[in-house]
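Student: Please find one structure pasted underneath; my questions will follow.
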Amino acid sequence: MTVAPRNSMWQLRAGSPGILRKHVCVNGTYSVLGEVRLPSALVTGEWLDLAVTMTGSTFTTSVNGTVVDTTTDTRHASGNIGLRNGLTESQVYDRVTFTAADGTVLLEDDFATDKGTFSTGTVSGGTLTFPTGTSSLSSYGADDTWALLRHEYDTAAGKEVAAAVLYVAATSPDPARQYAAKVWSNGTVVGHASVRSGTGTAYQAFDVTSTLRTDDGPNALAALCWTTSQQKFLAQPEITYTDGGRTTVASGDHWKARRQAGLLPSKGSAGSSYFTVPQEYWDLRQEPVGWTRPGFDDSDWHTPVVRTAISGLVPAPIESPRLHDVAPASVTKAADGRWLVDLGREIVGGLSLEVSGSAGDTVEVRLGEELQLRRPVPRR
């Protein structure tokens, strides 16, 4: 099914005076809401500040801090923001900010680096150059498919830990047909959750005893989550001490959360008609270094939304997935700057690399199921 475009479009035209032309698009058809002559000239090549405030159905437009128009239109009450150019239009942007009615900044980009806020255009020198004949919605909507979650907790002071088991469930694994969360304990990857199960939502159990601190310092749980459905995460460590005592750590609004914020910008799909999954394009310049470990400063992270409990929890029908190192059977130089790593068999996993380079350098990894020495590995 294809959904016809529906949007409101505000267009500025250079000239003396400048012109503001307002449009509304319903079911793919644009109509002009009105045209306003601005109180001053708009000169090509000069910076200006444009602000559009939407209060209910009222749009208030300001140019360089001066209100130039107020328009009422009830057809579109919510949505995303985007940029659009016709065949003779182009602009350069220094900053884009998208703010909620309560003042919460939903999206902000000063283009110091390419966060992938817009899929079209070139980020360089602290600006975004948006070319002719293109359009792009911002990453605001897609940004909420990723979440970074973390929480620090203490074990009972002076007590020796006998065992610690971490129970984790995350929903929903169905759109991607794979796990929805990757989980760390004190910076160590302990596993993934949840796997798809025939009935209910499977919870995984991981032995995290060896990852806990022995100096009575705080411990950290962290998870990187992706899914387009339900978006629920549950983690519960059960810690047993040698004296028989027990500590249970629950998940809730005492955790901290943030969006991917440029760490995993939208770069297209690696899925098919059978499943939905994004290409994992990592910009490690945007990673909050140390976020999976104790002591990380998460004071500017958000309080997560507390949702209804995950219903129908059942034990995972298989052993919890764990990471194992597998050495490649061969590594062959296919061309300059391109290497073919053959594991010798089919596995479920990824590639661990140590690389050196400069900020902004790109390493592309393609995972495939077929050996094709003379051609690049197809994305699978």
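The values are calculated or read from the model by the stated rules, or taken from the named source; none is laboratory data. On a predicted model such as this, the values are computed, not experimentally measured, just so you know. We place every Cβ from the backbone using ideal geometry, glycine too, and count neighbours over all the protein chains shown. Surface accessibility is based on the protein's heavy atoms, side chains included, excluding ligands, DNA and RNA. Shrake-Rupley method; radii C 1.70, N 1.55, O 1.52, S 1.80 Å.
Student: Under 1.5 on a/c is rounded, so check that first for region 283-364, then, if it is not, pick prolate when a/b is larger than b/c and oblate when it is not; a ≥ b ≥ c are the square roots of the alpha carbon gyration tensor eigenvalues.
Tutor: oblate
Student: Let me ask something additional. How large a share of the accessible area of region 153-255, in percent, is made up of carbon and sulfur atoms when the probe is 1.4 Å and the other protein chains stay in place?
Tutor: Roughly 44 percent, rounded to a whole number.
Student: Testing the spin-label approximation: label points 7 Å from Cα along Cα→Cβ at TRP339 and THR308. State their distance in nm.
Tutor: 5.0 nm
Student: Here is a further query. Could you tell me which GluC sites (Glu not before Pro) in region 102-161 are loop residues by DSSP with no more than 13 other beta carbons within 10 angstrom of their beta carbon?
Tutor: GLU160
Student: Using a cut-off of 12 Å between beta-carbons, work out the net charge of the residues near THR214 (Lys and Arg +1, Asp and Glu -1, THR214 not included).
Tutor: Residues close to THR214 contribute a combined charge of -1.
Student: Now for a separate question. Per residue, how many Å² of accessible area does the chain show with a 1.4 Å probe?
Tutor: Per residue, the chain has an accessible area of 60 Å².
Student: Within region 244-313, which trypsin sites (Lys or Arg not before Pro) sit in a loop by DSSP and count at most 16 neighbouring Cβ atoms inside 10 Å?
Tutor: LYS267, ARG307
Student: If you take volume of the Cα convex hull per residue in Å³ from the coordinates, which of (i) 135; (ii) 198; (iii) 126 do you get?
Tutor: Of the labelled values, this structure produces (ii).
Student: Could you work out what % of the accessible surface of region 1-127 is carbon and sulfur, using a 1.4 angstrom probe and leaving DNA, RNA and ligands out of the count?
Tutor: That fraction is 49 percent.
Student: Run the accessible area of region 270-373 with a 1.4 Å probe and give the carbon-and-sulfur part as a rounded percent.
Tutor: Exposed carbon and sulfur together represent 50 percent of the surface.
Student: Under a 10 Å cutoff between Cα atoms, tell me which one of ASP207, ASP297, ASP114 has the largest fluctuation in the Gaussian network model of the chain.
Tutor: For the chain, modelled as a Gaussian network with Cα springs under 10 Å, the answer is ASP297.
Student: Once you place label points 7 Å from the Cα toward the Cβ at TYR30 and ALA359, how far apart are they in nm?
Tutor: Between TYR30 and ALA359, the label points sit 3.8 nm apart.
Student: Using only helices, what value at 222 nm comes out for the chain when you add -39,500 (n - 2.57) per DSSP H run of length 4 or more and divide by the total residues, to the nearest 500 deg cm²/dmol?
Tutor: 0 deg cm²/dmol
Student: Just flag the trypsin sites (Lys or Arg not before Pro) in region 147-240 sitting in loop per DSSP whose Cβ has no more than 16 other Cβ atoms within 10 Å.
Tutor: LYS159, ARG177, ARG196, ARG213
Student: Relative contact order of region 274-372, please, whole-number percent, based on alpha carbon pairs below 8 angstrom and at least 6 residues apart.
Tutor: The normalised contact order for region 274-372 reaches 16 percent.
Student: Just want to confirm a number: the relative contact order over the chain, from Cα pairs under 8 angstrom separated by 6+ residues, in percent.
Tutor: 12 percent
Student: Under the rule a/c < 1.5 gives rounded, and otherwise a/b versus b/c splits prolate from oblate, where does region 1-119 land using the Cα gyration tensor?
Tutor: Cα axes put region 1-119 in the rounded bin.
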